[in-house]
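Taken together, the values in this text are just the output of simple stated rules run on the coordinates, not laboratory data. Here the structure is a predicted model, which means the values were calculated and not measured. So basically every Cβ, Gly included, is an ideal-geometry build from the backbone, and we count neighbours across all protein chains shown.
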Amino acid sequence: MSPAQQAGPGSESTSTDGFGVASMTDPLRRVAMRRPGRATREADPARWHYAGPLDAGRLVRQYDAFAASVADSGAEIEWMDAADDGLSDSIFVFDPSFMTPAGAIVLRPGKSLRRPEVALHETLYQRLRVPVVGRIEPPGLAEGGDLLWIDETTLAAARSFRTNQAGIDQLKDILAPLGIRLVTFDLPVWNGSAACLHLLSVISPLDRDLVLVYPRLLPVALRQLLRDRGIRCLEASDEEFEASNGLNLNVLATAPRRCIAVDGFAHTARLMRDAGCAVTCFAADALCMPCEGGPTCLTLPLWRR
């Protein structure tokens, strides 16, 4: 049995240090996750914008396999409380808060059904004694999926249906004293406000000089910034992006050129492997595909170094 399966819902850590993130690809040392509870297993697809009824048994088995891959990468998993609170999306822990080198920023999700999840993250940080360096307040909106480290002092943010200008302005004020510059890009309407298009839906860093992108939806100014920085772009195909609803792009880097991806998209996996990446794939057709959330969404990096 893997460490991920040995740790149960609500299990606690006695660690009081080991936090800080300023990269999307540095080795993942510590991560928070939340197992699928009753709210997720029995979710109303119409209310939560899921693609049809969920197969709860397969969903949980696929989640366990993913968690085992995260643990096998060497990351310590901090399990968030799995109380029956009706928060179906709460397994996608990347969005309600964001880690910086100095501590966490508590965000304010653009999807109103997700805003109660913020309290779960505040409880996590209190338990782990991780400082909170700022909070996004109304009318600001910001989700983790719209935030991307370019380097240790540059964070990209996307204006989207989930992150607004007021949220971006507040993020700038929080980050400036930390010496972190925020650069902003706009995402397209794509499939509308009900769909989940984050910045990390169209780009996944694999190393400091390598990213996986879907070029049709990548902001032009961001593409130019990547070129100016000498960052190589691997371009995913239209066919696999459409077949996966964008989740072939949702890749979790556990270390430089080491990543976890959803299974079933051979062209995307081959692109990464041909670029020197070690890719671990897991079955996700009952977990990620219907719920519009992939490996990055399912994890909240607490410590990378």
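What spacing in nm lies between the two simple spin-label points modelled at residue 127 and residue 115, each 7 Å away from Cα in the Cβ direction?
2.5 nm
Can you compute the modelled spin-label distance between residue 285 and residue 266, with each label point 7 Å from Cα toward Cβ, in nm?
1.5 nm
Alpha carbon centre of the stretch 133-183 versus the stretch 273-305: separation in Å?
Using only Cα atoms to place each centre, the spacing works out to 23 Å.
As an exercise, use a Förster radius of 22 Å and the Cβ-Cβ distance of residue 154 and residue 275 to find the FRET efficiency, rounded to the nearest 0.05.
FRET efficiency, residue 154 to residue 275: 0.45.
Between residue 243 and residue 49, what is 0.36 nm times their sequence separation minus the Cα-Cα distance? Round to one decimal in nm.
68.1 nm
Could you list the square roots of 5 times each eigenvalue of the Cα gyration tensor of the stretch 82-131, that is, the equivalent ellipsoid semi-axes, sorted largest first and rounded to whole Å?
Listed largest to smallest, the semi-axes of the stretch 82-131 are 19, 13, 8 Å.
Below 15 angstrom from the Cβ of residue 299, what's the summed charge of the other residues (Lys, Arg +1; Asp, Glu -1)?
-3
Pairs of alpha-carbon atoms within less than 8 angstrom and 6+ residues apart define the contacts here; what relative contact order does the chain have, in percent?
24 percent
What's the extension gain from residue 228 to residue 58 if we count 0.36 nm per residue and subtract their Cα-Cα distance?
Contour length minus the Cα-Cα distance gives 56.8 nm.
List, in order, the whole-Hz ³J(HN,Hα) value for each residue of the stretch 161-166 obtained from phi through the Karplus relation with A = 6.51, B = -1.76, C = 1.60 and θ = phi - 60°; use x for Gly and Pro.
5, 9, 9, 10, 5, 4
With the radius of gyration and the Kirkwood radius both derived from the Cα set of the stretch 20-84, what is their ratio Rg to Rh?
On the Cα set of the stretch 20-84, Rg over Rh gives 1.05.
Run the dipole for the chain about the Cα centre, Lys and Arg Cβ at +1, Asp and Glu Cβ at -1, nothing else charged, and hand back the magnitude in debye, nearest 20.
Rounded to the nearest 20 debye, it is 440 debye.
Quickly rank 77-88, 161-172, 51-62 as a protection proxy: mean count of other C-beta atoms within 10 Å, highest first.
Descending packing order for the listed peptides: 161-172, 77-88, 51-62.
Given 25 °C and 0.890 mPa s, compute D for the stretch 19-304 with the Stokes-Einstein relation, Rh being the Kirkwood radius over Cα pairs; round to the nearest whole µm²/s.
132 µm²/s
Please give the length that would be gained between residue 169 and residue 84 if that part of the chain were fully extended, namely 0.36 nm times their separation in residues minus their C-alpha to C-alpha distance (nm, one decimal).
27.1 nm
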